[in-house]
Each structure stands twice: as structure tokens, then as C-alpha cells.
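The values are calculated or read from the model by the stated rules, or taken from the named source; none is laboratory data. Since the structure is predicted, the reported quantities are computational estimates derived from the model, not experimental observations. Ideal geometry is used to build each Cβ from the backbone, glycine not excepted, and the neighbour counts take in all protein chains shown.
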Protein chains: 2
Amino acid sequence: MSSLDQIVSPIVGDLKDVENILTENTASEYSFVDMAVQHVVEGGGKRLRPILVLLSAKTVGYQGVDAHTLAAVVELIHVASLVHDDVLDEAAIRRGRETLQTKWGNKVAVLVGDYLHARVLSMLVARRSDDPAMAILADTTQAMCEGEVIHAYKSGDFDISEEEYLKIISFKTGKLITASCTLGAQLGTKDQQQIDALTAYGQQIGTAFQIVDDLLDFVEAPEKLGKNAYGDLREGKLTYPIIHTRKVCNDDEKQTLEKVLNPNTDENEAILAVESLFRKYEVEPHCLNVAQDYANSAKEALTTLPTSDAKTALENLADYVVSRDT
Amino acid sequence: MSSLDQIVSPIVGDLKDVENILTENTASEYSFVDMAVQHVVEGGGKRLRPILVLLSAKTVGYQGVDAHTLAAVVELIHVASLVHDDVLDEAAIRRGRETLQTKWGNKVAVLVGDYLHARVLSMLVARRSDDPAMAILADTTQAMCEGEVIHAYKSGDFDISEEEYLKIISFKTGKLITASCTLGAQLGTKDQQQIDALTAYGQQIGTAFQIVDDLLDFVEAPEKLGKNAYGDLREGKLTYPIIHTRKVCNDDEKQTLEKVLNPNTDENEAILAVESLFRKYEVEPHCLNVAQDYANSAKEALTTLPTSDAKTALENLADYVVSRDT
């Protein structure tokens, strides 16, 4: 398996430019706003969405710098949604750093999220006015919000089906990952088949990404994740591993699972119960297999595209999304 | 004094169209999202910002229907900011209706606010792509967020000056009211002097509006306001009447005021202390005078514009903003 650093080697210079754009375009005349925004933007993460924009553009032959702005825009949309997620989840840490609400309270966190969305709008407006990216990102942002609202609304609803859940995550996470690929592709080609291929890649990798994200919440050490383990579960948010377990387990075990979701249940008791069910039903390998199937479909979607370093990087990225441990 | 119904009589048909656009453009395929959004959008309010778009456009001779969409857009931006304000203020009721977080919790409220912002972006994108409204609204939304962040950050800071406060409210509230007038004007004329006149009107009326809003929080009955009295004060948010009182009172009284802002102070004790200082320093008439000065400046800004029903309506609206009791 390639490391992420190896995978992104064809675009390492571009990624530096994206970081500069992120810093320049989030500056506020109010130094406190500036500081709070830099805290979350520099918090970093993998920059998966910028990587997808840049690699998708390069895969279809694009060589300009316009991709850098779009890459920064999709990352800002992502960061803004994380800021609000952390408020909703009452998360104390994210990627090993204190969250905004830990440092400055919920109000500042909600408003900084709003501010980032506003900056995205400003950045889009400052681009070409006939830009098709705007419509795609408007649809994407709207779908992300719908997915988030529904996931929050269904919080604690034990009867959500796998299909329903997969649709919600295709809105919540998948749309922005897919848009990253589509936007990159549109920069480099007018060939709709190539654009569709990269869009399909994005859809598949997006689902793989979210299933693995859900799984890591259960199986990875909190120090490594930079956030609390079992965070989703403890706030009543059902995710793929639990929804799958509920589908395959017996009626007694279903009752145990339902109890685990009750916030009054002792945390250690809940964790032991989940670990036991995950072992019995081999939930971790199952989730990884499902995610790998999506990753394989993502790679297949690229077969009609010409061979290049960037295409190879996208193929490796699909595998990385499944095999990563953070 | 004219009632608001009388003032808006030249645009009553247009306002109905705006309501229809608001309903059509906030629909979601998820019925829960739909219901939550309709709850806040129908919650209504005075529709001050749509009224300003429509009257400004009409004042400079505009007769088309494009003003209806822009009027709906500015109202949605306003509603979205109210939804998040209510979360931040932990408000239980707004305009006599339960707030979203009372009905469905904080998470849904934060996310519905995000969703409304996303719909605004979609509506803007669906308009003409060369539209100057987009840049104005991008700047406006950004400034609103900056003002909100700074007001939340300064919450409980007793040393904020009148000038600093007026700058914050020009960002928080003033920018969207001003943009409403500018956008309406741009629809009807290319004459920059006319556009500047309506922009100046918007700036002045925006400040008048916010000072009266601040005052009503102290002097009006909660039943009438449809929200809790002294709400700003009790959550440590300094507004114009308190900032002014602090400036004119003696050192002992300053200490009393500072104590009032401490959430541990008994609520009735705090209210009595504020009432006594407001009487002694005639704070209510002072605030109304200051607001009326801004309203007068707003009316003066219109003098170069041709006489019309719409212009008269804007003049009456400036006085209404000061004399209203809700």
C-alpha cells in the first residue's frame, strides 16, 4: 500500500499553493476572527478533497492554476461543516487540537462556521461569473445540509436501514467528494464521458471513505484518531457498523444494541457489548470488504481514462481510503 | 404615524409573490427538512428587508418581477441568521412561536440555518450569471458573520464603546438592510447617484432599526415582543441602551450595571436596577432621539429622488422603524 505522501507526489507543489490560498482567503480585518479561522483551517487533516480536485484535473490533462482555487473552496466547505459538526457532537478535540467551542465556546464555533461558508461564497463570486462550478457547489452544499439535518433528526432512531443510511451519507459526505472530482474534471476536459468517469469515481470513493470513517470510530485508538472513540455511538448517532450489526444479529442482541445507544448506559459496559458483537459477527472485516468493493468500483470507473501519474495516484488513493488507520 | 400595512400598500401584491417564492424555494425532498424550514420561514416577522428591496426598486422606476427573487433572498439570509441567533441565545420563543431548538433540539436548528444559507446560494446561482447582486450579497453575508462573531466574542465585555458597538451593528444588521436598498435600486436604475442615495438611506435606517430593537428588549412586554424580555442583557450581550447608560452614569452605578451583567445576579434585582438607571438618565427617550436622528438622515438621503408613492412609503417606513412597538 502507498502512503498518502507517495500518492500525492505528482501534485505536491499544487497542494502548497492551495494552503497559501486557504490562508489568504480566510483573513478577516478582525484579528479574533482571523485567529479562530486559522485555528480550524490549519488544523489540517488529509486535504482529501483538494487532492481529488487536483488529481481529477490532472488526469484529464489540465495544467492551469484555476484548480488551486477550486481545491481551496471545497476544503473550506468541508472545514466549515466540521466546525458545525463539532458543535453538534459536543466534541472537545478534533485532529488532536482543541475544538473552537472548547477554546471559545459554542457561539463562536457556530458563527465561525457561518463565516467560512460566507467566505466560500465570496471566493466563488470572485471567480469567472459564468462558472459552472458555482451551480455544482450550490447543489452540493444544499445536499450536505439536508443529509446533516436528516442524520441529526434520525439520531437515536434504531430502525434506520442500510439503504437509508447509505443515501444519507451520500448527501452528507459523498456529494462534496464527488463534486471535487467533477470540478477537477471539468477544468481539464469538455468530454462528458471523462467527466462522468471521474464523477462515478468520486461517488464510489465517497461511500468507501465514509464507511471506513464510521469503522475507525470503533476500532482505532483515540490518540491516533485525535478525537474521542465511540463518539458517534455515545451521542446516539447510528453509523454503518452498528446498522449492519443490527441487521445480522439475533433479537436478544438487538435489545443489547438498543441499550448501548441509550446515553444512560454505562460507557464501559456499552463498549464491551459492542466489541463482543463486532467479534462474533466479524463486523470489522465485513465493513472493510464493503468499503473495498466501493473502492474497486471507483478504480473501475477510471478504466476508460488515459494512463498517467495522476490516474495511478487516484487508483492508489481509492485503496488508501480503505486501508488508512486515521 | 402610518401603520406598516398602510406603508406597504403600494407593494402589497409584490409581497404576496415574495411569500410564494419563499415557500417554493425552501422545499426539500425530505419532509422533515421541509417542515422545519417552513416553521421558521412562515414565522414571518415584518419582512422589512423584502419591503426595502421592493420600495427601493419602485422608487427608481423599476416595474419587473426580478425584485421578488432578490427580496426573497435577503429575507432568507435574515431568517437563516435568526435561526442561529436563537441557538446562540438559547431562546425558547421567537415571534411568539417555539424556536427550532425548543421543538427539535440545537442540532436541527444549527443545521436548518446552514440549509437556508445553502438555499440562498442555490437561488443566487439560478439567477443571471453576470448578476452584481451576488458580489454584494457575498460581502454582506461575510460582514454579518464577522459582526456576529465579534458581538459573541465581546459578550460580557463591559468596556465596549458606543462607536465600537455602532460599528458591530452596522456589520450584524446594517449591512443586509443596506444591501436590500442597494439591490432594489440597482434593478431600476444605472444612475449611481440614485443608487448611492438609497444605499445611504439603508445605512441610516439600519442603525435606527437596531437601536430601537435594542431598546424594545428592555421596555416592551414579552407577550408583545414574542420573546423573553431582557434577553440580550441576561446572556451578557451589551446593547446600545446599556452602553449609553454606562457612559453617562457615575462610578457606583457603573458597578451596579456590571453586577447586572453577571448571570449569577438575581433576575428581578437586575431588572429593578436597570429600570431605576433608565429612569434617572432618561435612557428610553435618549435612544428614541438618537434613532430618530438616524431616521431623519435616512429621509434626507432621499431628497434628490423623484417624488412617488414608493418614495413616500420609504419616508414613512423610516419613522415607523423608530415608533414601532414590536
- Query: Of everything in the stretch A:132-151 that's facing another protein chain (nearest Cβ under 8 Å) and surrounded by fewer than 21 Cβ atoms within 10 Å (Cβ to Cβ), which residue is nearest to residue A:83 (Cα to Cα)?
  - Reply: A:139
- Task: Assess whether residue A:113 counts as being free of Cβ contacts under 8 Å to residues at least 60 places away in the same chain, at the interface with chain B (Cβ under 10 Å from one of its Cβ atoms) and in contact with a helix residue (DSSP H, G or I) (Cβ under 7 Å, 6 or more places away or on another chain).
- Result: yes
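Just checking, does the stretch B:7-30 include any residue being within 14 Å of chain A (Cβ to nearest Cβ), assigned to a helix (DSSP H, G or I) and touching a residue at least 60 places away in the same chain (Cβ under 8 Å)? Explain how you work it out, then say what you get.
Taking the stretch B:7-30 as the starting set, the residues that turn out to be within 14 Å of chain A (Cβ to nearest Cβ) are B:25-30.
With the extra rule that they be assigned to a helix (DSSP H, G or I), the set shrinks to none.
No: the stretch B:7-30 contains no residue that is within 14 Å of chain A (Cβ to nearest Cβ), assigned to a helix (DSSP H, G or I) and touching a residue at least 60 places away in the same chain (Cβ under 8 Å).
For the condition among the hydrophobic types (A, V, I, L, M, F, W, C), within 30 Å of residue A:54 (Cα to Cα) and in contact (Cβ under 8 Å) with a residue 40 or more places away in the chain, what is the one hit in A:216, A:238?
Working: A:238 fails: within 30 Å of residue A:54 (Cα to Cα).
Step by step, each of A:216, A:238 is checked, and only A:216 is among the hydrophobic types (A, V, I, L, M, F, W, C), within 30 Å of residue A:54 (Cα to Cα) and in contact (Cβ under 8 Å) with a residue 40 or more places away in the chain.
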- Query: Out of the stretch A:116-131, which residues are within 7 Å of chain B (Cβ to nearest Cβ) and not β-branched (Val, Ile, Thr)?
  - Reply: A:117, A:118, A:119, A:121, A:122, A:129, A:130
- Query: Can you name the residue in the stretch B:50-78 that is farther than 17 Å from residue B:135 by Cα and among the polar types (S, T, N, Q) and, of all such residues, is surrounded by the most Cβ atoms within 10 Å (Cβ to Cβ)?
  - Reply: B:56
- Considering only the stretch B:81-101, state which residues are within 10 Å of chain A (Cβ to nearest Cβ) and part of a loop (DSSP other than H, G, I, E, B). B:89, B:90
- Query: Within the stretch A:223-235, can one find any residue that is away from chain B (no Cβ under 14 Å), at pLDDT 90 or above and surrounded by fewer than 20 Cβ atoms within 10 Å (Cβ to Cβ)?
  - Reply: no
- Note on the structure: In the stretch B:31-55, anything within 14 Å of chain A (Cβ to nearest Cβ), closer than 17 Å to residue B:97 by Cβ, touching a helix residue (DSSP H, G or I) at 6+ places or on another chain (Cβ under 9 Å) and without any contact (Cβ under 8 Å) to a residue 40 or more places away in the chain is listed as B:38
- Note on the structure: Filtering the stretch A:161-189 for residues that are surrounded by fewer than 19 Cβ atoms within 10 Å (Cβ to Cβ) and either within 14 Å of chain B (Cβ to nearest Cβ) or assigned to a helix (DSSP H, G or I) (or both) leaves a count of 6
- Restricting the stretch B:131-171 to residues that are closer than 16 Å to residue B:244 by Cα and free of Cβ contacts under 8 Å to residues at least 12 places away in the same chain, the residue that is nearest to the chain's Cα centre (by Cα): B:167
